[in-house]
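Here's the structure, in structure tokens; my notes come after.
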């Protein structure tokens, strides 16, 4: 063989080796990305499920019957108790506001509507109370409303919707 042929064979061998190394690292990189993407997807999935859990708990905590049974009423006037109820709903909602990035926009809107509707109900029922009413009077009126008006149990619908969305992730 002449020197040109030997040089050509040597260069061809080096080129094939370089291409082989590049392909090897490309395949390794792809596999690594797949594992990484899979890990990210699992973490995101877990965060989404946790968000649905937190929002389900939020809807339960701001449900009017649960709110009334959890918050003390002793010695408060109806107007003061109204403020306590509203503040508690706002605080619960604000504490969980970051969960919206993990759930569907429809789920988040349902939770927001529940908050707004419950606050509206509290304000409307409180406005119907005669002057000098106690917190106990307000809580009775609110519970009466919940038992006799379908809007009073909106939290059940929101919880069911959140559970349905979460079940689609499982």
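The values are calculated or read from the model by the stated rules, or taken from the named source; none is laboratory data. As the structure is a computational prediction, the values presented were derived from the model and not from experiment. When we count neighbours, we look across all protein chains shown, and the Cβ atoms used for this are built from the backbone with ideal geometry, even at glycine.
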Requested in this report: Would you check if there is a residue in region 43-54 being in contact with a helix residue (DSSP H, G or I) (Cβ under 9 Å, 6 or more places away or on another chain), modelled with pLDDT of 95 or more, part of a helix (DSSP H, G or I) and closer than 22 Å to residue 150 by Cβ?
Outcome: no
Report summary line: Given the conditions (1) farther than 30 Å from residue 170 by Cβ; (2) out of contact with any strand residue (DSSP E or B) (no Cβ under 7 Å at 6 or more places or on another chain), every one holds for residue 77 apart from (2)
Query raised in the report: Can you pull out the residues in region 128-142 that are in a loop (DSSP other than H, G, I, E, B) and over 12 Å from residue 82 (Cα atoms)?
Result: 130, 131, 132
